[in-house]
Amino acid sequence: MSFPRPITLPGLLQHKLRLVMAMLLALGLLACSASEEDAISPFQGTGIGISTADIDTTVDPGNDFFLYANGKWLAAAQIPDGENAIGRQSRADAELERRLTTIVEDIAGRPQDTGTPEAVVRDYYRQFMDRASLNRQGISPAMGDIRRFEGVSDLAGLSNVIGGTLRADASPMLFDAGHSPNLFSVAALPAPDDGQIVPWLFAGGLGLPERADYLSDTAQARSDRAAYRTYIARVLALAGLDEARERADRVLALETSLAEAEDTAMSKRSRLAAAAVWNRDELADRAPGLDWSALLSGAGLGNADRIAVLDPQAITAVSALAASEPLEAWRDWLVFQRLSSHANVLPDEFGNAHFGFYGRRLGQKARPVSMEQQAVEQIDTLFSDTMSRLYAERYFSEEEKRDVEIIAERVRDALVQRVKDDPDLGDEARKAAVGKLEKLSAGIAYPETYNEITQLQAVGNNAYAKTIATERAAYSREIAAVGQEKRGRWRTGAHRAQAIYLPLQNAINVPAAILQPPFYDPEADAAANYGTIGTIIGREMSRAVDDTGTMIGADLRVADWLSPSDRAAKEARSARLAEQFADYRPFPDMAANSAATVDDDSIDLAGLVAAYDAYRASLDGREPRVIEGFTGDQRFFIAFAQLWASKLREPYARAAVEAGRMTLPRLRVSTVRNVDAWYRAFDVQNDDALYLSPGERVTIW
């Protein structure tokens, strides 16, 4: 089933405009070659694209550009109860939630043809929402898994069962963006040695968010581990297992050993440099412990000749634990992780326990989202291709897609030109960087094809069984890509509000869900769109040639293509940016801002500059018109600053800064002080607080 996209009044006017242009072309009154036509945006937005009502004109933009662009918004914004932050991007999140809920409710509220993806989603939604039936069934839907895990009696059996739990459920595009609750996650990606598609293993198996949570000796970490032990015991007790606290001790001890197996201090570049491809014999020789033949058979990889590993040392250490840790600990861990990660399709007691630990304690949330929203989130994850297709059909158009594609191409061209003009880059490095950027695959709005689930082979007619079956179906589709040449496969869906760079595929995905205000508005003048989605695209493209990106060539092989002198020059620039940020104290009693985000801060600046260059190039030498008193350059920089308008609760902000998880919004916006055009746009003088002399301004490329 597909949904027609409603034509609003602005959309109707755009359609009429395109018809008029087509008629003029046909009559020869408007001359345009095919290549020129491809470069013309299908939209001619005239809106200002920024919120003038949110600008605080009492603030000198040269003293505090973040406050100047967002002062009135910050004064009015209220963080909702139970939340840690609010931002201008929050309205996009809320709109996306509304749209996804509408899609799911439309599917669930009407009959669907048997054998269609919509029928599968409808059936799943109805069973997920039937909490009375779910509570009445109790733990029985999961008893088959519990008995299988508890019945493991030797290493071969353990390895085979572990193989059967593997899923494509960790994020393979960002190596530190989460981990699977299973011992490994699997992704079909280019091999580091020859670029052929092989299965990769990523270590997982932990229930706490970070490996450091198991190893830190701070009072907070010890308290969280004690609460986690209590949660483990609660889950195992609800499963009907005796001596739950003793079992919980074993599970926590095993997970602590798993956490110790990986060197968390390794940079992403170091991890890539260590990546390897092992054949089956090498797996057994270099990572003894697990019965790899049994594990690969259980994982459906019995015919795989080669396996890629991101961190060989971690794989070796994890495998050794299979032989050294007590078998009963592995059995209890298998039961706990399966039930904990599927708590929302088990009786409410499981869901309540899960929220109590992960939501209330770790997430600092006052209450869980509604059951309806939980169902939408579950369907969003499990039936990603179907939700992606329906979102794109309903909420996005070919014209909007083409408009953003043009922005992306101009940003790429600008970034390529920056690299070509870099005076400090050696010829070989320049050639490699340009080649990689030119080969970068830009997936905009939605994928060309979908791989949807039209029927499920579930062992049982209940939400738990169908969840397991759906996960297996998604995993089967992932490993089916092994040996194929589809290197540009999307790793997200049109319905996900996340622009991402895929390092092992040299590709970006910019889904339709993020292509809405404040990120993108087809009715806005180009300045605002280049200042928002243009900078996001520039940021993600810049990852292709950042610290990690320079470890992967255009042929997708892992190889450092920067000479020592090139890398030293590039790192020196990033270090200068870090020094700027280090002067900023987010709180009076805290040390200066952490430098842990230096790589992300550098690509922020690179993306901002590339987007500005692309914006100016789009004008073809013309000066943009002034709208409501703001020049084009002013609108570009204000749009960038307003995109990051955010208000954070202090405990949340402190924790984020201390852990180096994020750059605070005010600091992110301050990167404008390195862009010469910003000084001209706002007449910034040398006595302004943000002023940097030309020699102090940092250029990444």
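Annotations
- Unmet requirement for Leu272, which otherwise passes all of (1) surrounded by fewer than 22 Cβ atoms within 10 Å (Cβ to Cβ); (2) part of a helix (DSSP H, G or I); (3) in contact with a Leu (Cβ under 9 Å, 6 or more places away or on another chain): (1)
- Among residues of the range 174-231, those that are among the aromatic types (Phe, Trp, Tyr), part of a strand (DSSP E or B) and out of contact with any His (no Cβ under 8 Å at 6 or more places or on another chain), counted: 2
- Asp525 vs. criteria out of contact with any Phe, Trp or Tyr (no Cβ under 6 Å at 6 or more places or on another chain) and under 20 Å from Asp54 (Cα atoms): yes
- Answer residue from the range 538-570, given it is outside any helix (DSSP H, G or I) and touching a strand residue (DSSP E or B) at 6+ places or on another chain (Cβ under 6 Å) and is surrounded by the most Cβ atoms within 10 Å (Cβ to Cβ) among those: Ile552
- Among residues of the range 422-478, those that are closer than 30 Å to Arg557 by Cα, in contact with a Phe, Trp or Tyr (Cβ under 8 Å, 6 or more places away or on another chain) and of a type in the set (Asp, Glu), counted: 2
- All helices (runs of 4 or more DSSP H) inside the range 640-701 with 3 or more residues being within 20 Å of Glu579 (Cβ to Cβ) and under 23 Å from the mean Cα position of the chain (by Cα): 665-669
One line per residue, one yes/no per condition, for (1) over 30 Å from Pro368 (Cα atoms); (2) at pLDDT below 55; (3) touching an Asp or Glu at 6+ places or on another chain (Cβ under 9 Å); (4) not hydrophobic (A, V, I, L, M, F, W, C):
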residue	(1), (2), (3), (4)
Leu12	yes, yes, no, no
Leu25	yes, yes, yes, no
Leu30	yes, yes, no, no
Thr52	yes, no, yes, yes
Asn63	yes, no, yes, yes
Lys72	yes, no, yes, yes
Ala75	no, no, yes, no
Gly82	no, no, no, yes
Leu96	no, no, no, no
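- All positions within the range 435-449 that are within 15 Å of Asn509 (Cα to Cα) and touching a residue at least 12 places away in the same chain (Cβ under 8 Å): Leu437, Lys439, Leu440, Ser441, Ala442, Gly443, Ile444, Ala445, Tyr446, Pro447
- Scanning the range 329-363 for residues that are acidic (Asp, Glu) and outside any helix (DSSP H, G or I) returns no hits.
- Leading residue by the ranking (farthest from Gly549 (Cα to Cα)) among those in the range 498-526 that are part of a strand (DSSP E or B) and in contact with a strand residue (DSSP E or B) (Cβ under 6 Å, 6 or more places away or on another chain): Ala524
- Taken over the range 373-393, the criterion of being charged (D, E, K, R) and in contact with a helix residue (DSSP H, G or I) (Cβ under 7 Å, 6 or more places away or on another chain) is satisfied by Asp380 alone.
- Whichever residue in the range 461-492 is of a type in the set (Gly, Ala, Ser), outside any loop (DSSP other than H, G, I, E, B) and over 19 Å from Pro141 (Cα atoms) and, among such residues, is farthest from the chain's Cα centre (by Cα): Ser476
- The range 398-426: number of residues that are touching a residue at least 12 places away in the same chain (Cβ under 8 Å) and assigned to a loop (DSSP other than H, G, I, E, B): 4
- Qualifying residue in the range 243-259 (condition: of a type in the set (S, T, N, Q), farther than 20 Å from Leu327 by Cβ and at pLDDT 95 or above): no
- Residues located in the range 188-208, provided they are of a type in the set (D, E, K, R) and touching an Asp or Glu at 6+ places or on another chain (Cβ under 9 Å): Asp194
- Candidates Leu201, Leu189, Leu206, Leu183 - the one that is surrounded by 15 or more Cβ atoms within 10 Å (Cβ to Cβ), in contact with a strand residue (DSSP E or B) (Cβ under 8 Å, 6 or more places away or on another chain), within 26 Å of Ala353 (Cβ to Cβ) and of a type in the set (A, V, I, L, M, F, W, C): Leu183
Each row is one residue, and each column tells you yes or no for (1) free of Cβ contacts under 8 Å to residues at least 12 places away in the same chain; (2) under 30 Å from Ala221 (Cβ atoms); (3) surrounded by fewer than 24 Cβ atoms within 10 Å (Cβ to Cβ); (4) not assigned by TED's automatic domain parsing to the domain that holds Ile79.
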site	(1), (2), (3), (4)
Asp613	no, no, yes, no
Ala617	no, no, yes, no
Gln634	no, no, yes, no
Ala653	no, yes, yes, no
Asp687	yes, no, yes, no
Tyr691	no, no, yes, no
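- Selection status of Gly207, assigned by TED's automatic domain parsing to the domain that holds Glu262, under 23 Å from Leu166 (Cα atoms) and in contact (Cβ under 8 Å) with a residue 12 or more places away in the chain: yes
- Restricting the range 284-306 to residues that are within 19 Å of Asp194 (Cβ to Cβ) and at pLDDT below 95 leaves a set whose member that is surrounded by the fewest Cβ atoms within 10 Å (Cβ to Cβ) is Asn303.
The values are calculated or read from the model by the stated rules, or taken from the named source; none is laboratory data. The shown structure was predicted, so the numbers you read here are calculated from the model rather than taken from an experiment. Note that each Cβ is placed from the backbone with ideal geometry, even for glycine, and that neighbours are counted across all protein chains shown.
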